[in-house]
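Quick notes on the structure that follows.
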């Protein structure tokens, strides 16, 4: 697919983005494997900025269990801005992440267990000697959630769950909670499916 590189919003530049996706089913459609590649220009001035993303996904689903993994790597040319002496310089950024998930049926049509674990690095090309400016993200992040999905009535889901989100700042002068911190949140998600 060739798109306007601005999502679902009105087009506000001349740049286009190429989206590709290829997937296949195996083992009587219990195993799905998918690959995606996207490439597009993000800016032309003051420097040319391009962005390319490659993503892979695989999941296996049985009658009671689903397990899967998804990973991506995104190269952002000239996206990181830093101070070099009295000038502004640009460097590439390489974001990457991987996610694992599982759902397990405990009681048919009534109770399920779910869990997910993510690791995200906003820039594998981070250089501790650079003094980054602008909206540069230097936080590596680890996220985990675990919970139950209770279905008291058809199409009604009550899901008590816990979120754990850990942050690690790679900047050398970060200290204390700016260097390492986490959020731990207990939640209850209410979910209703319409028209089913």
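The values are calculated or read from the model by the stated rules, or taken from the named source; none is laboratory data. As the structure is a computational prediction, the values presented were derived from the model and not from experiment. Please note: Cβ atoms are built from the backbone with ideal geometry, for glycine as well, and neighbour counts cover all protein chains shown.
Structure notes:
- Of residues in region 173-189 being exposed (fewer than 11 other Cβ atoms within 10 Å of the Cβ) and touching a residue at least 24 places away in the same chain (Cβ under 8 Å), the one farthest from residue 159 (Cα to Cα): 186
- Residue satisfying all of: in region 117-135; in a loop (DSSP other than H, G, I, E, B) and under 30 Å from residue 101 (Cβ atoms); modelled with the lowest pLDDT among these: 135
- Residue match in region 9-18 (condition: at pLDDT 90 or above, in a strand (DSSP E or B), under 22 Å from residue 95 (Cβ atoms) and in contact with a strand residue (DSSP E or B) (Cβ under 7 Å, 6 or more places away or on another chain)): no
- Test: residue in region 75-97 that is under 25 Å from residue 187 (Cβ atoms), touching a residue at least 24 places away in the same chain (Cβ under 8 Å) and surrounded by 15 or more Cβ atoms within 10 Å (Cβ to Cβ): yes
- When 109, 123 are screened for being under 30 Å from residue 88 (Cβ atoms) and touching a residue at least 24 places away in the same chain (Cβ under 8 Å), only 123 passes.
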